[in-house]
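None of the figures in this text is laboratory data; all of them are computed from the coordinates on show. Bear in mind that the values here come from a model prediction, so they are computed numbers and not experimental data. Because the Cβ atoms are built from the backbone with ideal geometry, glycine has one as well, and the counts that use them run over all protein chains shown.
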Amino acid sequence: MTRHITINDFLKLSTPVALIDVRTPAEFEQGHIPGAFNIPLFTNEERVKVGTTYKQVGREEAILLGFDLTGSKWSGFIKRALEIAPDKKIAVHCWRGGMRSGAMAWALDLYGFEVFIIQGGYKNYRRWVLEQFEQKYNLWILGGMTGSGKTRILHQLKTTGQQVIDLEDLARHQGSSYGSMNKLVQPTQEQFENNFADQLRHMDKGRKIWVEDESLTIGKRSIPNPFWHQMRDAVLIDLKVDREQRINALVQEYGALDKDFLVECTGRIRKRLGPEQTKYAIEAIRANQMVDFIRLVLVYYDKTYRAGLLKRNTEQVFSVELESTNLESNVGKILNFITHVTVSEQSITPN
């Protein structure tokens, strides 16, 4: 049995149903619905041949070519679907919910599967993704200068039951010139947005959602503009941490990284850091003087953070001093502090 279902209804199913994406591996890699399995009807090259035939010869010839190309693959498709959904209940989509998903649904239905076909395919899903960033969220921003431990505090907030979105984890980058940590590989912009929207759909909009203060871009990925503007308009808790404490934390985090990597990343901020400071920073890296290196580049990052803070509405910025290095203690202090902050559409003031 086959039936069509909207992406909204599919995502709201009380019992999750396995989802297969029959687009090419290249299309899937560019962006896919989180959790989907790729069973490509065509290889990347075959898809090009079918598309060219459709444009140059016609629809019927393209369909015949498609059957020629997939003729020996159908038993493999069904066997793979059985591995994914042994209960024989499955959903399927292609780019627009057209011939590719229709052909796969027909074969699976013939074998005895209960098949959901996603209406409008991946194209409609992408429309749904972009709609998520347009919605209104109760955002609270965790700010503070580089080395303040914002990410660790964000994760600790989550353990207390707070709603948290870790944008740096989604972007696979820690935000600064050194943010790839010489190992992280960023998803495509499309997949970053898909994963981001998938987290947002699980959030209770009536409760606070904590997000770390970020630039518009995280590495090469961009925060969608509607959500970014909400971040800029939200309450910001500015963590005040002793500079020496921040330097020590950054030495532990970055000090063991490959020196050539650190030199290359430092060179990328040469214009903003200044030629003399850049030279000294690189010399400190080469000499394994990590404290001196961190101290030098912090001049730039602290200046950048202060400049960004000045662009915010001062009535929405609240400072919290953190003298302890204990995560639980610091999170407790933050949560206690915000109980004394009153938020309204017009103003945000301490009680």
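Considering only region 53-63, I want to know if a residue exists there that is over 22 Å from G120 (Cα atoms) and small (G, A, S).
Yes, region 53-63 contains at least one residue that is over 22 Å from G120 (Cα atoms) and small (G, A, S).
For region 309-334, residues that are part of a helix (DSSP H, G or I), surrounded by 13 or more Cβ atoms within 10 Å (Cβ to Cβ) and touching a residue at least 24 places away in the same chain (Cβ under 8 Å) total 6. Taking the criterion of being more than 30 Å from V211 (Cβ to Cβ) and touching a residue at least 40 places away in the same chain (Cβ under 8 Å), the only residue of region 237-276 that qualifies is D258.
In the set (1) part of a loop (DSSP other than H, G, I, E, B); (2) farther than 22 Å from K333 by Cβ, the condition left unmet by G161 is number (2). Here K158 clears all of (1) touching a strand residue (DSSP E or B) at 6+ places or on another chain (Cβ under 9 Å); (2) surrounded by 19 or more Cβ atoms within 10 Å (Cβ to Cβ) except the condition numbered (2). Examine region 134-141 for a residue that is touching a residue at least 60 places away in the same chain (Cβ under 8 Å), part of a helix (DSSP H, G or I) and not hydrophobic (A, V, I, L, M, F, W, C), and state whether such a residue exists. Yes: one or more hits. Going through (1) touching a Lys or Arg at 6+ places or on another chain (Cβ under 9 Å); (2) buried (at least 20 other Cβ atoms within 10 Å of the Cβ) one by one, K259 falls short only on (2). Residue pairs whose Cβ atoms lie under 9 Å apart, separated by 6 or more positions or on different chains, with the first residue in region 277-292 and touching a residue at least 40 places away in the same chain (Cβ under 8 Å) and the second of a type outside the set (D, E, K, R), are V291/I247; V291/N248; V291/V251; V291/G255; V291/A284. In this structure, does L108 turn out to be part of a helix (DSSP H, G or I) and either hydroxyl-bearing (S, T, Y) or surrounded by 20 or more Cβ atoms within 10 Å (Cβ to Cβ) (or both)? Judged against the criteria, L108 is a match.
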